[in-house]
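Peer 1: Before I ask anything, let me first share the structure, which is written out below as structure tokens.
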Amino acid sequence: MKNIKAPPDEWDCGIQLSRIPKNASPHTEAFRLDLPAPISHWGQEYEPDGPVAVKLTFTFANERILAEVSVRAAFYIPCSRCLRKTRIEATGNLKYLFSMHPLKDAKDSDGAAIPEEDGDVDVIQVDSFQAELDMAQCVWEALLLSLPERALCREGCKGLCPICGHDRNDGDCGCRDDNSDPRLAALRDVDV
């Protein structure tokens with residue numbers, strides 16, 4: 001099974017613009033999305049344990065749409081100390097701002113286009129004739145940013161013995177633990 005590094009093609013995250021009220025009252029859509037394979041991120045595999053729960057909230061005001069993306073999913077990854085398969089919960093929230101009118105053509109000193117901003121948020125252009133917003137990439141970004149870089153199987157995990165590789169959570173392996181780096185063992189016998 002191949003890892004995925006982009007939103008799956010079968011994700012249907014299209015939201016009809018006509019469903020978002022023009023009176024600034026929020027419109028919410030909630031659904032579940034399947035992950036067909038593990039996600040490859042942070043140099044490791046995140047094996048899905050069920051679908052991704054997605055909640056999208058849209059608010060229309062001043063020819064702009066504020067989209068709030070919330071994701072929740074469970075994954076299995078190796079414990080960062082003992083490598084045991086560990087279940088994690090990933091939750092994340094992101095906000096996006098879409099503009100229904102043409103963006104300003106601001107340029108920097110080199111002539112490159114500068115994205116329009118509203119505070120800290122980049123504004124994403126939506127064509128006025130567009131019937132729906134495809135939120136798949138936004139959901140994917142929120143999901144990736146919610147994934148922890150590492151996890152522990154439990155608080156106080158003892159990890160692996162650096163000498164023999166035995167899982168110290170299963171008991172003592174009997175190796176001498178002198179708190180020195182085994183790669184420097186040859187230097188222990190050198191007289192200074």
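Taken together, the values in this text are just the output of simple stated rules run on the coordinates, not laboratory data. Source: prediction; values computed, not measured. Reconstructed Cβ throughout: ideal geometry from the backbone, glycine too, with neighbour counts over all protein chains shown.
Peer 1: Could you work out [θ]222 nm for the chain from helices alone, using -39500 (n - 2.57) per DSSP H run of at least four and dividing by all its residues? Round to the nearest 500 deg cm²/dmol.
Peer 2: -1500 deg cm²/dmol
Peer 1: So if I place +1 on the C-beta of Lys and Arg and -1 on the C-beta of Asp and Glu, and nothing else carries charge, what would the dipole magnitude of the chain be about its Cα centre? I want it in debye, nearest 20.
Peer 2: On the way: 22 positive and 33 negative charges, 133 e Å.
That gives a dipole near 640 debye.
Peer 1: Another question about this same structure. In the stretch 1-107, which chymotrypsin sites (Phe, Trp or Tyr not before Pro) fall in coil by DSSP and have 13 or fewer other Cβ atoms within 10 Å?
Peer 2: Numbers: sites: TRP11, PHE31, TRP42, TYR46, PHE58, PHE60, PHE75, TYR76, TYR96, PHE98; in loops: TRP11, TRP42.
Hits after loop and neighbour filter: TRP42.
Peer 1: Ok, one more. Over the chain, with a single point scatterer placed on each C-alpha, what log10 of the ratio I(q)/I(0) does the Debye formula yield at q = 0.19 1/Å?
Peer 2: -1.26
Peer 1: Relative to the longest principal axis of the chain, what angle (0 to 90°, nearest 10) does the C-alpha long axis of helix 136-146 take?
Peer 2: 30 degrees
Peer 1: I've got another one for you. Could you pull out the GluC sites (Glu not before Pro) across the stretch 1-105 that fall in loop regions by DSSP (anything but H, G, I, E, B) with no more than 10 other Cβ atoms inside 10 Å?
Peer 2: Details: sites: GLU10, GLU29, GLU45, GLU63, GLU68, GLU89; in loops: GLU10, GLU63.
Taking the stretch 1-105 and a limit of 10 other Cβ atoms within 10 Å, the loop GluC sites (Glu not before Pro) found are GLU10.
Peer 1: Let me ask you something else. Which one, PRO182, MET135, PHE58, projects farthest toward the positive side of the charge dipole computed for the chain from Cβ point charges (K/R +1, D/E -1)?
Peer 2: In the chain, that residue is PRO182.
Peer 1: Consider a paramagnetic label point 7 Å from the Cα of VAL123 along Cα→Cβ; state which residues of the stretch 9-31 have an amide N under 13 Å from it.
Peer 2: Once the point is set 7 Å along Cα→Cβ of VAL123, nothing inside the stretch 9-31 turns out to lie under 13 Å by backbone N.
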